[in-house]
1. Residues to consider are ALA220, ALA243; find the one that is touching a Gly at 6+ places or on another chain (Cβ under 6 Å) and crowded, with 19+ Cβ neighbours inside 10 Å.
2. Could you tell me whether any residue of region 27-41 is touching a Gly at 6+ places or on another chain (Cβ under 6 Å) and in contact (Cβ under 8 Å) with a residue 60 or more places away in the chain?
3. Against the condition surrounded by 15 or more Cβ atoms within 10 Å (Cβ to Cβ) and either under 21 Å from the mean Cα position of the chain (by Cα) or among the hydroxyl-bearing types (Ser, Thr, Tyr) (or both), how does TRP88 come out, does it pass?
4. I'm checking my understanding of the structure. Among residues of region 107-145 that are buried (at least 22 other Cβ atoms within 10 Å of the Cβ) and either more than 19 Å from the chain's Cα centre (by Cα) or of a type in the set (D, E, K, R) (or both), which one is farthest from ASP94 (Cα to Cα)?
5. Of all residues in region 194-240 being touching a strand residue (DSSP E or B) at 6+ places or on another chain (Cβ under 7 Å) and among the charged types (D, E, K, R), which is nearest to GLU289 (Cα to Cα)?
6. Filter region 188-199 down to the residues that are under 13 Å from the mean Cα position of the chain (by Cα) and either in a strand (DSSP E or B) or among the charged types (D, E, K, R) (or both) and list them by number.
7. Just to check your reading of the model, which residue among GLU267, GLU252 is in contact with a strand residue (DSSP E or B) (Cβ under 7 Å, 6 or more places away or on another chain), surrounded by fewer than 18 Cβ atoms within 10 Å (Cβ to Cβ) and more than 27 Å from SER15 (Cα to Cα)?
8. Any idea how many residues of region 1-31 are over 26 Å from VAL184 (Cα atoms) and touching a strand residue (DSSP E or B) at 6+ places or on another chain (Cβ under 9 Å)?
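None of the figures in this text is laboratory data; all of them are computed from the coordinates on show. Just so you know, these numbers come straight off a predicted model, no measurement behind them. Note that each Cβ is placed from the backbone with ideal geometry, even for glycine, and that neighbours are counted across all protein chains shown.
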Amino acid sequence: MGTLEGKRVLVTGGSGVIGRELLQRLASKGARVLSADRLPLPFAIEGAASLQMDLADHNLKELADFDPQIIFHLAAAFERSEETPDFWPVNWHDNILLSHRMVELASKLPNLESFIFASSYLVYAPDLYLSSEYGQIRLLKESDPKAPRNLCGAAKFYTESELQFLKTYLKPSVRVVNARIYRVYGRGSKDVISRWVRAALSGWKIELYNKQNKFDYIFAGEVAEGLVNLCESQKAEGAVNLASGRARAVEEVISIINRVLPGNKFEVLDTGSRQRFESSCADLSRLVEFTGWKPAVHLETGIKLIADYESGPKGSVIS
């Protein structure tokens, strides 16, 4: 395993739910960390400097001057699975253009060693895990067919392709890892589990459909831990699934929230089935092969951590 001590590490999207967890882990390992994000960090992180900029528009000279040896590219925009028309320009600006500029920057950095990209399972062909009938869970492998499900998935796949071009033709010495991340939830996040926890704490009503859908949920802190492990493992390269390796139904999530917060009123309006059923789950063979690690935070523990965070003072999020 490699060491991060003393390494110059750039993190894009450091203010996000994964980024905050990642910055703290990198700083704790002695890396020289720089976060670049359009939004400010919600709290100071000792050992991590930050720049507030729009990476799609801003002059990137400050990043080039930092001369990173490692890049973690997390910055991205997301919407629901079927995006609204308003998301098209957002996707272009925050996903495609921004990522293109980061790959372009990487091609010019003289001392770059590794580029770790936060990709998504949405690059996989949806027919692998969507069905008109509730069915068996499909373990998705990195070698499975790719046919991005939506705009975000298409943007992620395009960036993976650009990074392959970088690796093949421009900087063969750079190690590229495309971490295909599944359904993230975490403290201080906008994800659906966090929204449901806040709804339970506030007594709000939520609408639910396709409650039998099964997703591979992974806690944001575990995503950060996985990214660090993939960075430190010199044999890790190419596409790697990053998830919990266990699919849980939406109705299970609701049941867990009710158990974690038994005294809170949590009204759920079940609107039935509207779309094809999803049963997606990651095959973690490559992750384990490369790192000897896999996530250990179960959904019950993660939801308890979110409930504690939402109920108490906000601050450092590292586990």
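1. Working: ALA243 fails: touching a Gly at 6+ places or on another chain (Cβ under 6 Å).
After applying the criteria, what remains is ALA220.
2. Scanning region 27-41 turns up no residue that is touching a Gly at 6+ places or on another chain (Cβ under 6 Å) and in contact (Cβ under 8 Å) with a residue 60 or more places away in the chain.
3. On the way: surrounded by 15 or more Cβ atoms within 10 Å (Cβ to Cβ): no; either under 21 Å from the mean Cα position of the chain (by Cα) or among the hydroxyl-bearing types (Ser, Thr, Tyr) (or both): yes.
It is false that TRP88 is surrounded by 15 or more Cβ atoms within 10 Å (Cβ to Cβ) and either under 21 Å from the mean Cα position of the chain (by Cα) or among the hydroxyl-bearing types (Ser, Thr, Tyr) (or both).
4. Step one: filter region 107-145 for residues buried (at least 22 other Cβ atoms within 10 Å of the Cβ), giving 112, 114-124, 129, 140.
Retained after the next criterion (residues that are either more than 19 Å from the chain's Cα centre (by Cα) or of a type in the set (D, E, K, R) (or both)): 112, 129.
Numbers: LEU112: 23, TYR129: 27 Å.
Going through the qualifying residues, I end up with TYR129.
5. GLU237
6. Restricting attention to region 188-199, the residues satisfying the condition of being under 13 Å from the mean Cα position of the chain (by Cα) are 189-191.
Once the filter is applied, which keeps residues that are under 13 Å from the mean Cα position of the chain (by Cα) and either in a strand (DSSP E or B) or among the charged types (D, E, K, R) (or both), region 188-199 yields LYS190, ASP191.
7. Numbers: GLU252 fails: in contact with a strand residue (DSSP E or B) (Cβ under 7 Å, 6 or more places away or on another chain).
Answer to the check: GLU267.
8. Counting residues in region 1-31 that are over 26 Å from VAL184 (Cα atoms) and touching a strand residue (DSSP E or B) at 6+ places or on another chain (Cβ under 9 Å) gives 4.
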